Amino acid sequence: PAMVAMPDALGDLDLRRPSVARELGLPGVRSVGALMRGQASLAETFVRYGETLAIGSSSEPQRNSGDLLMSAAAGQAAAGIRAAFAPDVLIYDLPPMLVSDDALAFLPHLDCVLLVAGAEKSRLDEVDKCEHELAESGKLLGVALNMCRYMGEEYGYA
C-alpha cells in the first residue's frame, strides 16, 4: 500500500481574537471553538491547506475562552486532533499569556511552548515573567523574537 502523508496541523486557539483564517484568506470556516466544545467534528473544523497542512481556525471571537480551553471537552478535542492527524508538527496559536489565562488553561495539552516576543512591543520584564512560568511547567521550548526590523551594521550583510 502507498504511504499517505498525514498533515501537520495548525489550530487557531486565540479564541478572543482569531486571525489565522483572515490572514490566510480562508472563507466560511467553522469555529475551532465549536470543536473544543464537542459541538463540531474535525472534518467540519479543519481544512486542508496544500498537501501537508490542516488548519483549524475561527472567524468570530468566542466567549469564555479560558473556561473553554480548560474544559474536559477541549482536552478530548486536543487528543482527537493528535489521534486523527498524527502530525509531526502540531502548532496552536494562543493569545498572549499576560492578557488572559487561555494559554495556561490549555498548557496541559501541549508538549512544549515556544514563547514569541514582539520587538518593541513586549517588555523584557513581561517576557521574563512568562518565560519563568513556562520554565516551571517544564514545557518551555524557547523564546523567539519576531517583528524585528532593525539589523545593525555588525550583522554583515548589506
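The values are calculated or read from the model by the stated rules, or taken from the named source; none is laboratory data. Predicted model, so just to flag it, every value in this text is computed and none were measured. Don't worry about glycine lacking a Cβ; one is built from the backbone with ideal geometry, like all the others, and counts go over all protein chains shown. Note: accessible area is taken over every heavy atom of the protein model, side chains too, but ligands, DNA and RNA are not part of it. Shrake-Rupley method; radii C 1.70, N 1.55, O 1.52, S 1.80 Å.
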Q: Can you pull the one-decimal nm distance between simple spin-label points at D101 and E51, each 7 Å off the Cα toward Cβ?
A: 4.5 nm
Q. How many percent of the accessible area of the chain is carbon or sulfur, using a 1.4 Å probe?
A. 54 percent
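How much accessible area per residue does segment 36-129 have, in Å², with a 1.4 Å probe? Walk me through the intermediate numbers first.
Details: 5440 Å² over 94 residues.
Heavy-atom accessible area per residue stands at 58 Å².
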**Q.** Listed values [x] 164; [y] 132; [z] 113, entry calculated as volume of the Cα convex hull per residue in Å³
**A.** [x]
**Q.** Phi to ³J(HN,Hα) by Karplus 6.51 cos²θ - 1.76 cosθ + 1.60 over segment 134-146, Hz, x for Gly, Pro
**A.** 5, 5, 4, 6, x, 10, 6, 7, x, 10, 10, 9, 10
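I need the trypsin sites (Lys or Arg not before Pro) found in segment 59-158, filtered to DSSP loop residues with at most 12 other beta carbons within 10 Å of theirs.
Values: sites: R63, R82, K121, R123, K129, K139, R149; in loops: R63, K121, R123, K139, R149.
Within segment 59-158, the qualifying trypsin sites (Lys or Arg not before Pro) (loop, at most 12 other Cβ atoms within 10 Å) are R63, K121, R123, R149.
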Q: Measure off 7 Å from each Cα along the Cα-to-Cβ vector at E44 and C148, then give the distance between these two points in nanometres to one decimal.
A: 4.3 nm
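Expected output is a single nm value to one decimal: the length gained when fully extending between A83 and K139, i.e. 0.36 nm times separation in residues minus the C-alpha distance. What is it?
On the way: separation 56, 0.36 × 56 = 20.16 nm, distance 2.09 nm.
Difference between extended and current length: 18.1 nm.
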Q. Whats the longest run of the chain with zero chymotrypsin sites (Phe, Trp or Tyr not before Pro) that are DSSP loop and have at most 13 other Cβ atoms within 10 Å?
A. 1-149
